[in-house]
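Participant: If you scroll down you'll find the structure; I have some questions about it.
Each value in this text was obtained by applying a stated rule to the coordinates, not by laboratory testing. None of these values were measured; they are calculated from a predicted model.
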């Protein structure tokens, strides 16, 4: 049984590989867009409770995929890849969004967590460096699981922001900034704990790109002092732009009523 599952879930190297902006890459992006359009049309005239149910279901599916992945990793990769621990924005916000339906403190910051989840997962979906580095088949478990997870998180983030747009204003900017700063500190803690070499353990992680920039443009000894602040500035700027878009959208909706 193990041999069958290992072969089924393996990276299938040696043939066609997943590459940036290939047909397979555009397919996953297209599936996300199609998913958003279908749900928007299907739930156009539904109640607020029904719309909330679909977003809650989406985050439940994403969280389920994330948890199940840890059980399938040994079959696929012969090990549990601790790179998938929730220290990247994509995985951390998935857990936080899921918990926001269970824990009042997380619920208070849900909109800000969703905003970071949408931005980070969309960025990954456009530039899926994590799967490209492995140079594996587009039909391998690694590619399918990773991109479907980020696709669902992107769809969840977009729909949550769209359905809850009345609650997203510049008045809550401090919550957005707080969530980004907490995510940055959380990633620094993860990198500080898990990066290093000891006996048979030798790993370098770059969760949330707080140790090195994704394109390795900054010198290795300088990057850790720049990237945390650069991340906060960049994600904060993108989120402010989204606030502007939502603000314009809200004004148009009010004007047309």
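Participant: Would you mind telling me which residue in 203, 150, 25 has the biggest mean-square fluctuation in a Gaussian network model of the chain, where springs connect alpha carbons within a distance under 10 angstrom?
Facilitator: 203
Participant: Then there is this: What is the helix-to-structure angle for 141-163, meaning the angle in degrees between its Cα long axis and the longest Cα principal axis of the chain, kept from 0 to 90 and rounded to the nearest 10?
Facilitator: It works out to around 10 degrees.
Participant: With the Cα gyration tensor of the chain giving a ≥ b ≥ c as the square roots of its eigenvalues, does the rule (a/c under 1.5 for rounded; else a/b larger than b/c for prolate; else oblate) give rounded, prolate or oblate?
Facilitator: oblate
Participant: Between helix 223-256 and the chain, what is the angle of the helix's C-alpha long axis to the longest principal axis, kept within 0 to 90° and rounded to the nearest 10?
Facilitator: The answer is roughly 30 degrees.
Participant: Taking square-rooted eigenvalues a ≥ b ≥ c of the alpha carbon gyration tensor, is the range 128-257 rounded, prolate or oblate, where a/c under 1.5 means rounded and, failing that, a/b exceeding b/c means prolate?
Facilitator: Verdict is oblate for the range 128-257.
Participant: At 222 nm, what value in deg cm²/dmol follows for the chain if DSSP H runs of at least 4 each add -39500 (n - 2.57) and the sum is divided by all its residues, to the nearest 500?
Facilitator: Working: 10 runs with 174 residues, N = 257.
When only DSSP H runs of four or more count, the value is -23000 deg cm²/dmol.
Participant: According to the square roots a ≥ b ≥ c of the eigenvalues of the Cα gyration tensor, what is the shape class of the range 24-141, taking rounded for a/c under 1.5, prolate for a/b larger than b/c otherwise, and oblate for the remainder?
Facilitator: Oblate.
Participant: Highest GNM mean-square fluctuation, the chain, Cα pairs closer than 10 Å: which of 191, 200, 78?
Facilitator: Highest fluctuation among the options: 200.
Participant: Something else now. By how many degrees, 0 to 90 and rounded to 10, does the Cα axis of helix 89-99 deviate from the longest principal axis of the chain?
Facilitator: That works out to roughly 60 degrees.
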